[in-house]
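Below: one structure, written as structure tokens.
Read-outs: derived from the displayed coordinates by stated rules, not from any lab. Only a predicted model underlies this, so the values are computations on that prediction, with no experimental measurement involved. All Cβ positions, glycine included, derive from the backbone under ideal geometry; neighbour counts span all protein chains shown.
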Amino acid sequence: MEPQLLYQEIQPDLTAGESVLWSGQPSRKVIFHTPDLFVIPFSFLWGGFAIFWEAGVLGFFGFGSTKGPTPDSLFMALWGVPFVLIGQYLIWGRFLYAAWKKQNIVYAATDKRVLVVNLGRRRKVTGSFLAQLPTIEKSVRRDGIGTLTFGIAPPVAGRGSTMASWDGGLTSPVPTFVDVEDAESVYRIISEAREKVLRKE
């Protein structure tokens, strides 16, 4: 999205006298995150077993009736369809969903706040004042693409993962700039703006 269009999307949410220091969108590249170390193997296990189940109940691999599918086997096959679809989503569908979601997200850092504007079916704005940020968590890859999390996301039961761990942070309950280009520069801009705000208080 062009810089002018980005500003047009952000402008309605700005307060009087608020200046935009940086704006951007998530990178459209397919980017793997730490949770993918678990999700990818799990997705292939789930998807592979679901397809094997479908093939088995329909008479492949020497199982079932040699005269073709029976009413029972058709029922079992239909029962397994949702599991196949879930498996396909985990394997590749979630990447298509992430790409669609990324094109509908705009990030902005102002002299007062950080803003995440979701332009999906319902416009949603998540923001935090710089002076109230408890922490800024930074994670940057070698190619400069990184994620900045402004606050502490509430953990989900077990293993300390966050609610947004399966989509890289796109649905995080705290403002998060996911997969932004030149994340180090964005981090410096926000950190310097935050220091200025804190010195004024």
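A few notes on this one:
- Estimated FRET transfer efficiency when R0 is 45 angstrom, pair THR15-ILE40 (beta carbons, to 0.05): 0.60
- Most to least packed among 182-190, 143-151 [average Cβ atoms within 10 Å]: 143-151, 182-190
- Anchor LYS200: lysines whose Cα lies under 17 Å away (excluding residues fewer than 8 positions away in-chain): LYS112
- Relative contact order (%) - criterion: Cα under 8 Å, at least six apart; region: the chain: 22
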